[in-house]
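Nothing in this text is a laboratory measurement; each read-out follows from the coordinates by a stated rule. Remember, it's a predicted structure, so these values are computed and weren't measured experimentally. Backbone-built Cβ (ideal geometry, glycine too); neighbour counts: all protein chains shown.
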Amino acid sequence: MSQKKWGDEDFWGLGYEYDPQWLLTDKQKELQAKIIDLARTTLRDNAVESDKKLIFPRKNFEAISKLGLLGLLVPKELGGMGENHTAAAMAVETIARYGCASTAMCYTMHLGAVAAALFRHHNNPTLRDILSRLDKDVLIGTLSYSDPETGSHFWYPVSSGAEKTAKGWHVRKKASWTTSGGFADWYIIQTTSPEFNGNYGDLTCWLIMGNEAKAEPSKWDGLGLRGNQSGTLEVDVDLTPDRMVGPKGDGAASNDECVDPFFLLCSSACWNGISLGMIDIAKRHTTMKKHVDVGMRVADYPTIQDYVGEAIIDTNTSRAMVFQMAKAMDVATNNCDWSIHKDLSVLPRAKTLHWMWQVKFSAAKNVAHVTDKMLHACGGTGYKPGLGIERYLRDGKAGWVMGPTNEVLRQFVGKSALLGFESLDYWNQAINERVLNNELKKLDAAGKRKLAEKLMAEAQGKAAE
Ligand SMILES: Cc1cc2nc3c(=O)[nH]c(=O)nc-3n(C[C@H](O)[C@H](O)[C@H](O)COP(=O)(O)OP(=O)(O)OC[C@H]3O[C@@H](n4cnc5c(N)ncnc54)[C@H](O)[C@@H]3O)c2cc1C
């Protein structure tokens with residue numbers, strides 16, 4: 001196994017012996033080494049600046065575009081690298097681990113937007129044009145989904161809508177969080193479909209250009225991932241017909257086939273990258289720091305060895321799951337061949353969605369634990385910004401709360417396992433007869449009559465509409 005390098009020197013953290021290198025092709029390993037070197041020369045220093053001053057990592061995007069990373073997933077005939085899910089997970093993990101977690105998360109959102117665009121680019125010259133210029137013109141994409149009214153239920157865009165106009169569409173959206181908000185060059189957003197009839201499951205995706213979105217970057221602040229600029233966004237714009245991404249009503253398919261799988265895969269790779277970055281720093285610090293009284297380094301204490309051992313085992317368990325699902329999606333999509341989606345009904349990734357929920361849950365849970373333990377291993381020195389432990393710890397806290405939150409995910413998994421997938425009822429449409437009947441039992445005769453009258457009036461009102 002080759003030695004992991006940091007410039008001319010050996011890398012100071014964990015070597016390749018604890019990385020699942022056998023999962024990568026030679027080309028992917030070469031790309032990984034290039035990203036590590038770019039992290040050393042550029043990304044890592046910019047991470048400190050981004051965190052301190054809430055600076056969007058555009059400089060890092062310019063740097064990674066030189067490696068072709070913005071077009072990582074774009075087919076070769078459109079000028080991209082034509083890479084697969086495994087490469088996407090590797091690239092995000094590597095950027096987060098050795099370089100900058102904020103950049104890794106903005107890059108995750110970029111890859112999600114690229115996937116949503118590639119999913120429906122076949123007959124759309126505007127999307128094809130953007131996808132063919134991602135690296136050359138450093139065109140950063142992102143996803144804007146979360147709605148102020150529905151919080152982390154980002155699949156439920158209440159404050160949005162679209163109407164047909166003489167020249168195309170009018171689209172309105174309010175988003176409470178948008179990574180790269182105000183800094184991205186293009187956005188994929190989701191609204192309820194034109195001719196909305198009250199069914200929030202009927203969603204449509206749109207391409208919005210940077211100058212059409214109103215953001216308020218000066219208001220962004222957060223505990224970690226501070227370079228992300230994940231602020232609010234507002235769209236109220238007339239669009240030409242080509243800006244609809246996919247057919248009307250394609251939103252749920254786009255979510256299940258592209259936005260969710262890529263977000264869950266790559267954000268999990270980001271959380272694993274943060275965990276590994278912390279373990280690397282802890283290795284360097286604890287093997288250097290000495291206690292003169294006992295003649296021991298911190299790393300010589302079995303307690304510290306146990307912390308590091310457990311952190312590596314747990315993180316590699318999570319990585320194994322990320323890469324297993326990346327591989328599963330590579331196999332299911334003929335190695336991320338986007339031409340399979342010329343047939344609009346082909347949705348192979350969507351079949352693995354409940355596995356992707358588990359991937360995100362475990363990576364986000366693990367990063368919270370590992371970041372705490374690596375802080376403990378480094379002691380008070382880790383508490384100060386100098387080591388970088390403190391920044392990674394704050395960055396890692398975003399994992400659990402980013403939608404779909406870990407509370408929601410474990411419920412999705414448990415509920416679907418126990419009661420079936422239809423019980424999830426994303427769009428609040430199925431009636432829970434058990435709850436309804438149980439509540440009705442509590443009403444006395446007068447209460448029942450009053451309720452019946454109200455329901456009759458409502459039903460007649462509806463019928464008269
Ligand atoms: C750094 C960062 C970047 C982000 N970037 C983006 C982005 O680029 N695009 C985007 O669209 N969004 C983004 N988000 C938003 C994110 O996905 C969530 O929508 C957001 O964190 C929700 O915050 P909230 O305060 O509304 O939480 P709430 O939804 O109000 O949640 C509060 C609590 O209720 C729990 N809860 C919610 N629903 C349920 C339920 N059904 N069952 C049990 N518990 C529940 C939650 O788990 C949480 O514990 C980002 C968030 C962060 C932190």
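Note: relative contact order over the chain, using C-alpha pairs below 8 Å and six or more positions apart, is 15 percent.
Protection proxy ranking for 337-347, 431-441, 183-193, using the average of other Cβ atoms within 10 Å per residue and placing the highest first: 183-193, 337-347, 431-441. Remark: C-alpha extents of the range 336-465 on the principal axes read 69, 48, 31 Å, sorted largest to smallest.
For the range 1-159, the relative contact order comes to 19 percent (Cα pairs under 8 Å, sequence separation of at least 6). Between residue 354 and residue 438, the contour length at 0.36 nm per residue exceeds the alpha carbon distance by 27.2 nm. In a DSSP loop and with at most 15 other Cβ atoms within 10 Å, the GluC sites (Glu not before Pro) in the range 69-158 are 149.
Looking at the range 141-249, the pairs of alpha carbons with a distance over 20 Å make up 35% of the total. Ordering 72, 301, 445 by Cα displacement along the dipole of the chain toward the positive end leaves 301 in first place; charges were set at the Cβ atoms of Lys, Arg (+1) and Asp, Glu (-1).
The alpha carbon gyration tensor of the range 8-117 gives principal lengths a ≥ b ≥ c with a/c of 1.5 or higher and a/b no greater than b/c, which makes the shape oblate. Shape verdict for the range 294-376, please, from the Cα gyration tensor: rounded (a/c under 1.5), prolate (a/b greater than b/c) or oblate. Prolate shape, in that a/c is at least 1.5 and a/b is the bigger ratio. Evaluated at q = 0.06, 0.07, 0.08 Å⁻¹, a Debye calculation over the C-alpha positions of the chain (equal weights, vacuum) places log10 I(q)/I(0) at -0.29, -0.39, -0.50. Amide H to amide H distances under 5 Å link residue 134 with no residue, where only residues 5 or more positions off or on other chains count and H is placed in the peptide plane.
Here the range 244-360 is treated with +1 on each Lys and Arg Cβ and -1 on each Asp and Glu Cβ, and its dipole about the Cα centre works out to around 240 debye. Relative to the Cα centre, the charge distribution of the chain, modelled as +1 at Lys and Arg Cβ and -1 at Asp and Glu Cβ, gives a dipole magnitude of about 560 debye.
Counted residue by residue at 0.36 nm each, then reduced by the alpha carbon distance between them, the extension gain from residue 48 to residue 293 reaches 84.8 nm. Candidate membrane-span-like segments in the chain, meaning DSSP H helices with Cα atoms spread over at least 24 Å of their own axis and a Kyte-Doolittle mean of 1.0 or above, are 101-119, with no membrane implied.
Peptides 217-226, 354-363, 113-122 ranked from most to least packed, by the mean per-residue count of other Cβ atoms within 10 Å: 113-122, 354-363, 217-226. In this rough spin-label picture, where each label sits 7 Å from Cα along the Cβ direction, the residue 306-residue 59 distance is 4.3 nm.
Note on the chain: helix-only mean residue ellipticity at 222 nm, from DSSP H runs of 4+ residues weighted -39500 (n - 2.57) and normalised by residue number, equals -15000 deg cm²/dmol.
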